[in-house]
Every structure is written in C-alpha cells, then in structure tokens.
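The values are calculated or read from the model by the stated rules, or taken from the named source; none is laboratory data. Just so it is clear, the model here is predicted, and its values are computed rather than measured. Using ideal geometry, Cβ is built from the backbone for each residue, glycine included, and neighbour counts are taken over all protein chains shown. Accessible surface areas use protein heavy atoms only, side chains included; no ligands, DNA or RNA. Shrake-Rupley method; radii C 1.70, N 1.55, O 1.52, S 1.80 Å.
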Number of protein chains: 2
Amino acid sequence: MSGIGFEILARDGMARLGRLSTAHGIIDTPAFMPVGTAATVKAMTPEAVAATGARIVLGNTYHLMLRPGAERIAALGGLHPFMNWPYAILTDSGGFQVMSLATLRKISEEGVEFRSHLDGSRHLLTPERSVEIQRLLGADITMAFDECTPYPAEREAVEASMELSMRWAERSRHAFVPRPGHGVFGIVQGGVHADLRQRSAARLVDIGFDGYAIGGLAIGEGQDTTFAMVDATAPALPENRPRYLMGVGKPADLVGAVRRGIDIFDCVLPTRSGRTAQAFTREGTLNLRNARHADDPAPLDPECRCPACAGFSRAYLHHLTKSGEILASMLLTAHNLTYYADLMAALRTAIAEGRLADFAFGGAAP
Amino acid sequence: MSGIGFEILARDGMARLGRLSTAHGIIDTPAFMPVGTAATVKAMTPEAVAATGARIVLGNTYHLMLRPGAERIAALGGLHPFMNWPYAILTDSGGFQVMSLATLRKISEEGVEFRSHLDGSRHLLTPERSVEIQRLLGADITMAFDECTPYPAEREAVEASMELSMRWAERSRHAFVPRPGHGVFGIVQGGVHADLRQRSAARLVDIGFDGYAIGGLAIGEGQDTTFAMVDATAPALPENRPRYLMGVGKPADLVGAVRRGIDIFDCVLPTRSGRTAQAFTREGTLNLRNARHADDPAPLDPECRCPACAGFSRAYLHHLTKSGEILASMLLTAHNLTYYADLMAALRTAIAEGRLADFAFGGAAP
C-alpha cells in the first residue's frame, strides 16, 4: 500500500497494541509524540529525544510556514535533515495555531486569511496549501486542515464549524499526494456533542484516511467530557486504522484514553513543564522550585532511567531552577519525556499481557 | 607531594607542553577551562562538556557561597558529585565577583564585607573564609583571595591594592589545608606596571604556591598591554609550576599567551557567545543571526568534530537563533567549547613538534 502501515498485535478491551510503519521507521503504539513546534523539541538535542524512546515527533505547519518557511525547509531537504531527526514526523495542519496565535483572522469557505503573530505579514491557509506545506516539510503523517471550534460554543456554531471542517477534510484528502510510507489523517470535530462527533467520524470514514484523529478536545471541557467524546467516537472509527487524540494530555488522561481505544497522543505538557520546574514522577508531580528539595540528595524518581535521574539530585535540580539555568530545562524536559515514554511502554506491556484493567503506574492515577 | 603535580614534557621558546595531575585526573596543558559559574557550564550537560575535550572547569566561590551555599554543597558531597563532573575543578576565590557583582562593598585589612546581589544579605569574605569555602566545595585547585584592582587606577592605588592582595595571599596559603591531589595558586597583581607585577610575583614565590596565576588583566587594557604584563611576569615565576592567565580570552589572545609561557586559561567568551548567536570558526567569528545564513546548508565549520557541525546546517542554527530556541545556545556553546579545546590541542601539538613559531589555526589570527 502507498500509505502508512498499521498492524494490531494485541487487544485488551477497547485498547490496542499496534505497530505503525512509516517512511522513517516503526512506532510502537500506544505512543506519545513529543512536540517539536519550531523544528526542535525545546531544550533537547534530537539524540536526547530519541534516547527517551520517542520514535515520532510533531511539527507545526503554522510556525514553520512563517519561520523559516516551508519552501526554505524543502530546499534544505525537508524537515528530517533540517532538524536532524531520522525518525517519523507528524505535522499538524495549522488549523489550531491559526486560531490561537494569528491575528485578524478571516474564515471563508476557501480557508483562513490571517496575519502572522511574528511580523504581521498576510497569509492564506487553505486545505490545499496546508497539505502542500506538509509535503514540502516531508511529513510522514499529514493532518487534514480543519477549523478549531472554540469552546464553549452554541451547538449550531459547532455543527456549522464541523461541517466546514469535513468539506476541508475532503479537499485535504484530495490534495494529498500518495507516497510510500506517508499518510494523511482526518480529524473528527463536533465539540462536546456525541451525535455531531459520530456524524463527523462517519463522514471522514466515507472519505477514507490512513488514520483518524479526534480534535477540538482538551481545551477546557474537563476529563469526563473528553472521555465521553472518545467513548462516542472511537467505535465509529475503523478498527484497522490508527486513532490519534490531539493535544492530550496528563498521564491519567493518556491511561484513560488508551483504555478507550486511542493509539497516538501529543501534548506540550512534558516539555513545557520541563521549562517551568515541574517534574512528572512515579510519586506525582513535583515543583522543583519548592525549598523542600534544597537539601535532598535523592534523584527525582529512583525508578527512572533518564539522564537527570542517573546523575543529579533533587537538591541540584532545585539549585538550577532557582538560578534560572538552561540545564534545568534540559534535564527536566529529558526526564518528563522519559516518564511519558515509559508510561506508554508500560501501557503497551499491559495490553500485551491482558492486564490493562489493573494497570497502575505511579503518578498516572486519575 | 601533597599538592598537584606538574610535569613539563616539551618546550618551544617560552611555551611549555605540560601535564597537570589532580585528585580528579590529568589535564594536558596548555589547557582552556570552561566556566561553570553556578555549578553548571551554561547550556551544557557535564557529558557534553567532557565530549569537547575539557578535563577541568572553573567554579565561582562568590556565586556558590550565596546560592546554594558552600556548607550545603559540602553536605551533598562536594561540587563534583553535586554537578556530576568527575574531572578536575578550579574555583576562583570570589575576589573578582565581589567587586563586580556585590553591592555596598567595604574593604578592610580583614577582608571584604558586602551585600549579596541576589537578596541583599550581608556577608564577609576573608582569605580564610574564601579558602574554607573552596575546601567545602572540594576544589582540586584553590585560588588565593585577592583584591581585584580597578582599571584604570593611579599607580599608588594599584600598588596598595597589590600589597594588600599579597598579605591576603599569605593568609590564603596558611589557611589552605594540604590534601593529596589538591593545590593552591597565588595570584600576581600590579595592574599595568611591570615592576609591581614583578614585585608581586617575587612575593608569591617567597610564600610558595602550587601554581601561579596572573590576575587583573583582560579588563580593558588591550592585548598589547596584556602581553607586555605577561612578558614581564612569566619569567619571574618558577619554571616547574603551572601558570594561569585569568579571564583570557579570545583565540588570538590564547595563542599569544601560550607563546609567552602560560599554561592555563579561563574565559566566559565561548560559553557566553554561544548564548548570543556567536560562533568561533576556522574562518573567523560568525553571527548566526545574520540573514546570510538563512539558506546555507553548510555546517558552521567543516573541520569541526562537534555535535553542531556533525548534524546541523548554518540555516538551521540561524533559524534556532532567530526563534530564540534553547537548542541554539546548546549547540553553539558545544561548538565554541570544542573550537577552544581543539585550538588548545593544536597548540600542544605545535609545542611538541617545535613549530609554534609557525603556528596557524583558522580564526585565531591576532
């Protein structure tokens, strides 16, 4: 087949142990994708990202089209050599950032006209242009261009937005140029309305994608509602295709969503937290700025295999965060991404062994 | 002997190829010490610092006594395990920073009373306390506590300051507790006056130190004057002990000072420049913010072995600097420290081969 491969190796309830095959390698699922917004996972070398266990990262169409520019990256060989990342890359379509970052947005059937948040320059992002940018970047997985529906919003507005996104999804699908090892994912919208989510899912399945994302969640609706929407949507998606819950989430969110049949995640939480002195550990989240760590010779998490836990004390990490040292961001980001990678690995093992119902991982309790 | 060992393996004119032996390993000289002010070489993991070739780093008594505190570091096992650096550490005495950073300084025969630049707390730094702090930190090489003479200053003021520093040097020497593999260096002062420098050197040699530093230079007097002071001072120092030119310098400064018999250097230039988009290369200094790099697929320096040159283009580094990404600081610091380490290695080879007179290293021309 010309798209990306997806093989399901084991099931446990709704959860699936899978293997995603791309032009840049295989990804064991369920998988978490570190966010590499501007062609870098912040405060990490590519080698350090790979050492956490990650085999796919997310890049941002919106950021990269504005700086340094998609055509420039293409002329330099694409995003993989540009950022020196040899594994898979998924790019989002720009739909989310254009709504959250750009100014003077004007949405039409054609697409979104906006001004750059960097220099005020005018741009038009359409499904066709978004998919073209993602091809120029060399994304292994291209995301359909969609409208990010605000939350909360009236049902009528959510429905109209979802319908627009579905027409854009069809245009995105047609604009995608099939290449071996490369695929395009559709994005289910519909806000917090189960019937709209199901209608959106059915429409995407009609169009036919290599994988299916659930978008427009984790934007303030609360975990119960997020899970309810996943419950309503996942069964409406093809069994044999990967499912991606966008922008999720906290460790307990990942566990709950995997139990509901989700295969792929992305979130800024582990990287952003790493730059604000927050560490995810098996005993819960720690704030390294807290003075109680000042004299503590223990590592962040004695069970963790990351460079921060292998070589440094909480006292040292506290000192680095208090001193505003770059190494604090580097070590805590490496730690948090390792925690997330190890959580996903533990989920995969639990699915393989059929014991997801009893799954426990320190720090990932609901 | 109880101090640090120093063996001279070859000479070329005034220059020496040497081997410094400490409790934390051997350092080939001439050597450059990366600056690790607050128990971290900024934007670098210890592994990355070691990968540049560095086998000794500098720590700062002033910064560390204020945060996190010398007694705290001692309780955590000392600076080596605290910052996870297994090689040698030289600590400066605090004399320079107390003059450049602290407020409400009051200098007396006893020492310097000052307020912390961090929180306004009051502290007294004396020769005895400075040496005690450096012992608590576990420094392989302790520096005598001195007064940093302002530049420019009247000769009478420079002379009085130098004489005070010499009395403090004697107190520092007496306060130092001899331990195997650990040593204490005296610091020559005397401003830009050759006769004061020579009197200072003679006084320090009378006291007897494991090594001799030349301080109070590279603070605005210009390279010619710096070199003139080195010319006046080096011959007054013992042949069989290491010589350390503090706070120097640019690549060409290092070449000139090695030719004049200096063995050890430290400077914030390669690390600070790495955080401000400046790269030292064999074709000279590059400003990565410059738009001419935006489409350049070439590495920073094709002859460089560092991670930045091995994996990334100038175009990517330009993008990172323009985007304010932490990875820019990480990669450029690694590159600059590698450039400095390779420059020192080339100087050592030139001395060993007796061809220092014809020494050439791209980017290190005067």
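Please report, in cubic angstrom per residue, the volume enclosed by the convex hull of the alpha-carbon atoms of segment A:139-275.
Spelled out: Cα convex hull of segment A:139-275, divided by residues, is 110 Å³.
Once the Cα atoms of helix A:223-233 and of chain A are each reduced to a long axis, what angle between those two axes, in degrees from 0 to 90 to the nearest 10, is obtained?
Roughly 40 degrees, rounded to the nearest 10.
Mind checking the mean number of beta-carbon atoms from other chains within 10 Å of the Cβ atoms in A:309-319?
Whole-number average of other-chain Cβ neighbours for A:309-319 is 4.
Evaluate peptide A:76-86: per residue, the Cβ atoms of other protein chains within 10 Å of its Cβ; return the mean as an integer.
3
Output the 0 to 90 degree angle, nearest 10, between the alpha-carbon long axis of helix B:155-175 and the longest principal axis computed from the alpha carbons of chain B.
In chain B, helix B:155-175 runs at an angle near 80 degrees to the longest axis.
Expressed as a rounded percentage, what relative contact order does segment A:60-111 have, with Cα pairs under 8 Å and six or more residues apart?
Dividing the mean separation by the residue count of segment A:60-111 yields 42 percent.
Spelling out what I want: for every residue of segment B:137-149, take phi, set θ = phi - 60°, compute 6.51 cos²θ - 1.76 cosθ + 1.60 (Karplus), and round to whole Hz; glycine and proline get x.
5, x, 4, 5, 10, 9, 9, 4, 7, 9, 8, 7, 6
Charges only on Cβ, +1 for Lys and Arg, -1 for Asp and Glu: so what's the dipole of segment A:74-128 about the Cα centre, in debye to the nearest 20?
Charge dipole of segment A:74-128: 180 debye, to the nearest 20.
So how far apart, in nm, are the two label points at A:Ala365 and B:Ala365 if each is 7 Å from Cα heading toward Cβ?
Spacing of the two 7 Å Cα→Cβ label points: 6.8 nm.
Count the net charge of all other residues whose Cβ sits under 10 Å from the Cβ of A:Ala315, scoring Lys and Arg as +1 and Asp and Glu as -1.
Once all neighbours under 10 Å are counted, the net charge is 0.
Which residues' amide hydrogens lie under 5 Å from the amide hydrogen of A:Cys267, considering only partners 5 or more residues apart or on another chain, with H built in the peptide plane?
A:Met33, A:Val35
List the distances, in nm and shortest first, from the label point of A:Arg67 to the matching label points in every other copy, placing each point 7 Å from Cα along the Cα-to-Cβ direction.
Shortest to longest, the spacings are 2.7 nm.
Between segment A:243-308 and segment A:67-125, how many Å separate their Cα centres?
So the two Cα centres are separated by 28 Å.
In A, who owns the beta-carbon nearest the axis carrying A over to B, and how many Å from it?
Here the value is A:Ile326, 3.
Restricting to chain A, what percent of DSSP beta bridges are antiparallel, rounded to 5?
50 percent
Using Cα springs under 10 Å in a Gaussian network model of chain B, which residue among B:Leu327, B:Leu17, B:Leu347 shows the largest mean-square fluctuation?
B:Leu327
Enumerate lysine pairs in the protein assembly as shown that are 8 or more residues apart or on different chains, then count those whose Cα atoms are under 23 Å apart.
The number of close lysine pairs in the protein assembly as shown is 7.
Mean residue ellipticity at 222 nm from the helices of chain B, using -39,500 (n - 2.57) per DSSP H segment of n ≥ 4 over the full residue count, to the nearest 500 deg cm²/dmol?
One gets -11500 deg cm²/dmol as the mean residue ellipticity at 222 nm.
Around A:Leu9, which amide H atoms from residues at least 5 apart in sequence, or from another chain, sit under 5 Å from its own amide H, with H modelled in the peptide plane?
Counting only residues 5 or more places away or on other chains, the set is A:Leu17, A:Gly18, A:Arg19.
Please report the antiparallel percentage of the DSSP beta bridges confined to the protein assembly as shown, to the nearest 5.
So the antiparallel bridges in the protein assembly as shown amount to around 50 percent.
Rounded to the nearest 0.05, what FRET efficiency do B:Ala75 and A:Ala202 have when you use their Cβ-Cβ distance and R0 = 51 Å?
So the FRET efficiency works out to roughly 0.20.
At a Förster distance of 22 Å, what's the computed FRET efficiency of B:Ala10 paired with B:Asp231, Cβ-Cβ distance as r, to 0.05?
Efficiency at R0 = 22 Å is approximately 0.55.
Do you know the relative contact order of segment B:34-125, to the nearest whole percent, from alpha carbon pairs under 8 angstrom that are 6+ apart?
23 percent
Taking the Cα-to-Cβ direction at B:Arg167 and at A:Val268 and moving 7 Å from each Cα, how far apart do the two end points lie in nm?
Distance between the two pseudo-spin positions: 5.9 nm.
Nearest 20 debye, what's the magnitude of the dipole of chain A about its Cα centre given +1 on Lys and Arg Cβ and -1 on Asp and Glu Cβ?
Rounded to the nearest 20 debye, it is 560 debye.
Nearest 0.05, what FRET efficiency do B:Arg179 and A:His117 give at R0 = 41 Å with Cβ-Cβ as r?
Using R0 = 41 Å, I get an efficiency of 0.10.
Using alpha-carbon pairs under 8 Å, 6+ residues apart, how would you state the relative contact order of chain A in percent?
18 percent
If I model a spin label as a point 7 Å beyond the Cα along the Cα-Cβ vector, how far apart are those points for A:Arg105 and B:Lys106 in nm?
So the label points at A:Arg105 and B:Lys106 sit 6.1 nm apart.
How big is D for segment B:1-109, in µm² s⁻¹ as a whole number, if Stokes-Einstein is applied with the Kirkwood radius of its Cα pairs at 20 °C and 1.002 mPa s?
137 µm²/s
Within 10 Å of each Cβ of B:49-60, how many other protein chain Cβ atoms are there on average?
Neighbouring Cβ atoms belonging to other protein chains average 0 per residue here.
Taking only Cα atoms and a 10 Å spring cutoff, compute GNM fluctuations for chain B and point out the largest among B:Arg171, B:Arg155, B:Arg282.
Maximum fluctuation in the GNM of chain B, among the listed residues, is at B:Arg155.
Taking Cα atoms, how many degrees apart are the long axis of helix A:194-207 and the longest axis of chain A, rounded to 10 and kept between 0 and 90?
The angle comes out near 70 degrees.
Please give the charge dipole size of segment A:18-140, origin at the Cα centre, charges +1 on K and R Cβ atoms and -1 on D and E Cβ atoms. Round to the nearest 20 debye.
Result for segment A:18-140 is approximately 220 debye, rounded to the nearest 20.
Which residue fluctuates the most in chain A, going by a Gaussian network model with Cα springs under 10 Å, if the choices are A:Ala213, A:Ala334, A:Ala298?
With Cα springs under 10 Å in chain A, the top fluctuation among A:Ala213, A:Ala334, A:Ala298 is at A:Ala298.
Excluding ligands and nucleic acids, what accessible area in Å² is computed for A:Arg55 using a 1.4 Å probe, to the nearest 10?
80 Å²
Quick check for you: with a 1.4 Å probe and neighbouring chains kept, what is the accessible area per residue of the protein assembly as shown, in Å²?
I get 36 Å² per residue for this part.
To the nearest hundred square angstrom, how large is the accessible surface buried between A and B, total for both chains, probe 1.4 angstrom?
Buried surface at the A/B interface: approximately 2800 Å².
For the peptides B:109-115, B:58-64, what is the packing order when you average, over each peptide's residues, the other Cβ atoms within 10 Å and list the highest mean first?
Put in order of decreasing packing, that is B:58-64, B:109-115.
If you put a point 7 Å past Cα along the Cβ direction, how far is that point for B:Arg155 from the same point in each other copy, in nm, smallest first?
9.5
Can you pull the semi-axes for segment B:105-159, root of five times each eigenvalue of the Cα gyration tensor, sorted largest first, whole Å?
23, 17, 10
Considering only protein heavy atoms and a probe of 1.4 Å, how much of the accessible area of the protein assembly as shown is carbon and sulfur, as a whole percent?
Carbon-and-sulfur percentage of accessible area, whole number: 51.
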